[in-house]
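As structure tokens, the structure follows; a few thoughts come after it.
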Amino acid sequence: RARLAVVYLTSANRPQEARIELGRQEAMAALRTQPGLADAHYALGLYWQRRNDHTRALAELAKARKELDQSSHLHGATGASYRSLGRWEEAVTEFERALELDPADMTYAPGLALTYGRMRRYRESQRTWSRYIALTPDAYAHMVTKGFAYTRLDGTADTLAAALRRIPPDFDQAGMITFAHWYVARLRRRPADV
């Protein structure tokens, strides 16, 4: 039941309300039959993340840690909650551990790269974005995010402009690409380019 709960809570980036609640119910049922079950506490941690209660999420994830310490997903989820609470150093530690445990799974690389960016550790952010994009070549929105990070690092629009040239013309996630084109034109002082 605990694993079913995890499936309900991770089946999509934004699972429907009913699936979130089913995840909680399955995790609670698993704890009733097996008190202290690490997978159930992990599922409850994910549930509280979906509810934006990251303090409670961290408490549940901590209960799962003893048995799931070698789980990249546990460390990634923990990093996500620390990041949401603005606890940057702890978030970096957890995200790095997740990537160390499973280097081929880049699920948590964007979280790490964005956290480095928040900490103004731009070079580390760039290295992480590059690693992620190398393994996920169609991550267009992340290419643009990496380009924006370079503008903060060196003040130039070259990397962002290069990323924009790689993006298919029909891709514009929530106006991000349109804004990026405007931003490049602004940085280059060429408003007619928009």
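The values are calculated or read from the model by the stated rules, or taken from the named source; none is laboratory data. All values derive from a computational prediction rather than experimental measurement. Here the Cβ is made from the backbone with ideal geometry for all residues, glycine too, and neighbour counts use every protein chain on show. Note: accessible area is taken over every heavy atom of the protein model, side chains too, but ligands, DNA and RNA are not part of it. Shrake-Rupley method; radii C 1.70, N 1.55, O 1.52, S 1.80 Å.
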Notebook entry, point to check: Which of the residues that make up the stretch 122-139 are of a type in the set (A, V, I, L, M) and either more than 10 Å from A109 (Cβ to Cβ) or part of a helix (DSSP H, G or I) (or both)?
Noted result: I133, A134, L135
Notebook entry, point to check: Within the stretch 111-120, is there a residue that is more than 30 Å from A57 (Cβ to Cβ), touching a Lys or Arg at 6+ places or on another chain (Cβ under 7 Å) and among the small types (G, A, S)?
Noted result: no
Margin query: Going residue by residue through the stretch 116-126, is there one that turns out to be closer than 25 Å to R188 by Cβ and open to solvent by 60 Å² or more (accessible area, probe 1.4 Å)?
Written below: yes
Check: Given the residues A57, A109, A62, which is the only one that is of a type in the set (G, A, S), modelled with pLDDT of 95 or more and under 13 Å from the mean Cα position of the chain (by Cα)?
Finding: A109
Check: Taking interchain pairs and intrachain pairs at least six residues apart, which have beta carbon atoms under 7 angstrom, with the first residue in the stretch 53-76 and more than 16 Å from A2 (Cβ to Cβ) and the second part of a loop (DSSP other than H, G, I, E, B)?
Finding: H54/L85; S72/D102; S72/D105; G76/T107; G76/Y108
Notebook entry, point to check: Which one is modelled with the highest pLDDT among residues in the stretch 179-192 that are open to solvent by less than 100 Å² (accessible area, probe 1.4 Å) and over 20 Å from A141 (Cβ atoms)?
Noted result: R188
Item checked: Subset of the stretch 134-166 that is open to solvent by 20 Å² or more (accessible area, probe 1.4 Å) and hydrophobic (A, V, I, L, M, F, W, C) - its residue that is nearest to Y116 (Cα to Cα) -> L153
